[in-house]
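Some notes on the structure that comes next.
The values are calculated or read from the model by the stated rules, or taken from the named source; none is laboratory data. Note that the structure is a prediction, hence the values are computed from the model and not measured. Note that each Cβ is placed from the backbone with ideal geometry, even for glycine, and that neighbours are counted across all protein chains shown. Each accessible area value is taken on the protein alone, full model and side chains, heavy atoms only, with ligands, DNA and RNA left out. Shrake-Rupley method; radii C 1.70, N 1.55, O 1.52, S 1.80 Å.
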Amino acid sequence: MRATARRLPGKQAVVDGDRSLDYSTFERTVMGLADRLATAGVTGGDRVAIFLDKTLESAIALYGIWNAGAIAVPINESLRATQVRHILDDSGSKLLISSPRKLAGIDAAAYEGTPHLELDLTALGTAPSPSARDSDSNSNSNGGAGARTELPGGDAPAIILYTSGSTGRPKGILISHANLLAGARIVTRYLEIRPDERILSVLPFSFDYGLNQLLTAVGQGATIFLLRSHFPADICRALEKFEITAMAGVPTLWIQLMQRHSPLPKRPFPHLRYITNSGGVFPVELVKRYREHLPHTRIYLMYGLSEAFRSTYLPPDEVDRRPGSMGRAIPECE
């Protein structure tokens, strides 16, 4: 994040509806949160939970926690109070970052005993602009957190991702900084993610697949556009409005987008360079329909697991020949 902010300070980093932050402002806001966490008593190795909708604030929360030397515990925004309570207890979270609206939607017993911090961008010294424009201004980071050099890395824990809990209580998966960096580097390599990429993010950051989109975007200096709606009309509108070049989805989403009442089969989306699938099987007949409708769009069929982000991918050039394949091992792996 810091390297990208120095390299591309005025480049749009995160767009959330009519709000956006460039990389310089994103870094400054993150460092402001890191300082606030330190003031609240958060120290290296502490777990800090995040219970927010996928917004500018949730992206800032992740990087703020890491720059405070702590371990992030993102909680899926749709979980019920009993599951939130379980994750807070199981992870041993010292603090919960949330918003009044999210906390009002669950029973107070879900977070009783866990101090919570309300994330306010204005209080962190920045207000997101309606549209971030390119600028030659330099990025500056001041304050305690920004000046810290002894931050954890390597095999030190960075994040605890919890499973969906579909077969029981959600289970925590501990992932290191090295895991996160390797996952971002490897996926960037085989997807050929570029700084001019415009990535549509519809998957939650509490899901390794969605988190990796944020990490790769920030690493490359691309722009990530956050979308909370899963309605095909809203997704298609965003694809056109923002001239999206890349999008990740799961099978249920791709099925919905190709259904009769969806706008997708009727529109060309000329800017869409590639789409990716993971989290389940992309039906072979559906692959064929996407290939016919979007012949200019590369399709990456992938298989992954939360512990490693991804394990195999099928190169787009092989999709027509073997659309049912899980592909080959991702780069740097066997």
Checklist entry - Which of the residues spanning the range 191-210 are among the hydroxyl-bearing types (Ser, Thr, Tyr) and over 12 Å from Phe309 (Cβ atoms)? => result Ser201, Ser206
Checklist entry - Limited to the range 167-190, what total is found for residues that are open to solvent by less than 10 Å² (accessible area, probe 1.4 Å) and closer than 16 Å to Met247 by Cα? => result 1
Checklist entry - Taking the range 21-64 as the region of interest, how many residues are aliphatic (A, V, I, L, M), open to solvent by 10 Å² or more (accessible area, probe 1.4 Å) and assigned to a helix (DSSP H, G or I)? => result 1
Checklist outcome for this item: Of the residues in the range 308-319, those that are at pLDDT 95 or above, in a loop (DSSP other than H, G, I, E, B) and open to solvent by 10 Å² or more (accessible area, probe 1.4 Å) number 1
Checklist entry - assigned to a loop (DSSP other than H, G, I, E, B), closer than 21 Å to Leu181 by Cβ and modelled with pLDDT under 95 - does that describe any residue in the range 6-18? => result no
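Take the conditions hydroxyl-bearing (Ser, Thr, Tyr) and over 24 Å from Tyr300 (Cα atoms) and apply them to Thr188. Does it pass? Walk me through how you get there before you give the answer.
Numbers: hydroxyl-bearing (Ser, Thr, Tyr): yes; over 24 Å from Tyr300 (Cα atoms): no.
Here the answer is no, as Thr188 does not meet what is asked.
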Checklist entry - In the range 91-143, what count of residues is obtained for those that are modelled with pLDDT under 90, more than 17 Å from Glu77 (Cα to Cα) and in a loop (DSSP other than H, G, I, E, B)? => result 20
Item to check | Single residue of Leu305, Leu294, Leu272 found to be within 24 Å of the chain's Cα centre (by Cα) and at pLDDT 95 or above | outcome: Leu272
Next on the checklist: Let me spell it out: the conditions are (1) within 20 Å of Pro157 (Cα to Cα); (2) touching a Lys or Arg at 6+ places or on another chain (Cβ under 8 Å); (3) open to solvent by less than 10 Å² (accessible area, probe 1.4 Å), and Asn67 meets all of them except one. Which number is the exception?
Outcome noted: (3)
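Within the range 296-305, how many residues are part of a loop (DSSP other than H, G, I, E, B) and either closer than 15 Å to Arg321 by Cα or hydroxyl-bearing (Ser, Thr, Tyr) (or both)? I'd like the intermediate steps shown before the answer.
Restricting attention to the range 296-305, the residues satisfying the condition of being part of a loop (DSSP other than H, G, I, E, B) are 296-297, 304-305.
From the residues that got through so far, the ones that are either closer than 15 Å to Arg321 by Cα or hydroxyl-bearing (Ser, Thr, Tyr) (or both) too are 297.
Of the residues in that region, 1 qualify.
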